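Read the structure below first, then the notes.
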Amino acid sequence: MHFVYILKSLVDGGYYYGCTAEIEKRLKSHNFGRVRSTKYRRPLKLHYSESCDSKTAAIKRERFFKSPPGYAWLKAKGII
């Protein structure tokens, strides 16, 4: 099982989208500064997550979230 997730920066209020098989381990990596794209936006909290059946499905869902229709869907659902 894989997850697609959205992190929220407690510093600038921005969002980060990603996917992983181990969500808790990945969140720790982000907060310990091991991920270059979020290193200076720490601390981060898990804002939203969904489980997916496969890695491919999680990657597709992450790409959807990053697209204009995906952003609109997230806004309409009140997620972001």
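If you take the beta carbon distance between SER29 and ILE80 as r and set R0 to 30 Å, what does 1/(1 + (r/R0)^6) give as a FRET efficiency, to the nearest 0.05? The partial results should precede the final answer.
Values: r = 22 Å, r/R0 = 0.74.
E(calc), rounded to 0.05, equals 0.85.
The string of couplings for segment 38-53 from the Karplus curve (6.51, -1.76, 1.60, θ = phi - 60°) is 10, 4, 9, 10, 6, x, 10, 10, 6, 9, 7, 8, 9, 8, 10, 6 Hz, one whole number per residue in order, with x for Gly and Pro. Over 18 Å between C-alpha atoms is what I'm after, so list which of LYS28/LYS75; LYS39/LYS75; LYS8/LYS66 land there. Check vs 18 Å cut-off fails for LYS28/LYS75; LYS39/LYS75. Each peptide in 5-11, 47-53 was scored by the mean count of other Cβ atoms within 10 Å over its residues; highest first, the order is 5-11, 47-53. Per residue of the chain, the DSSP helices (runs of n ≥ 4 H) give a summed -39500 (n - 2.57) that works out to -11000 deg cm²/dmol at 222 nm.
Between [x] 2.43; [y] 1.05; [z] 1.09, which entry matches Cα Rg over 2.2 N^0.38 Å as derived from the coordinates of this structure? Computed from these coordinates, Cα Rg over 2.2 N^0.38 Å corresponds to label [y].
Take each peptide in 27-34, 14-21, count the other Cβ atoms within 10 Å of every residue, and average; sorted highest first, the result is 14-21, 27-34.
Since every read-out is calculated from the coordinates, none of them should be taken as a lab result. Because the structure is predicted, anything quoted here is derived from the model rather than measured. Reconstructed Cβ throughout: ideal geometry from the backbone, glycine too, with neighbour counts over all protein chains shown.
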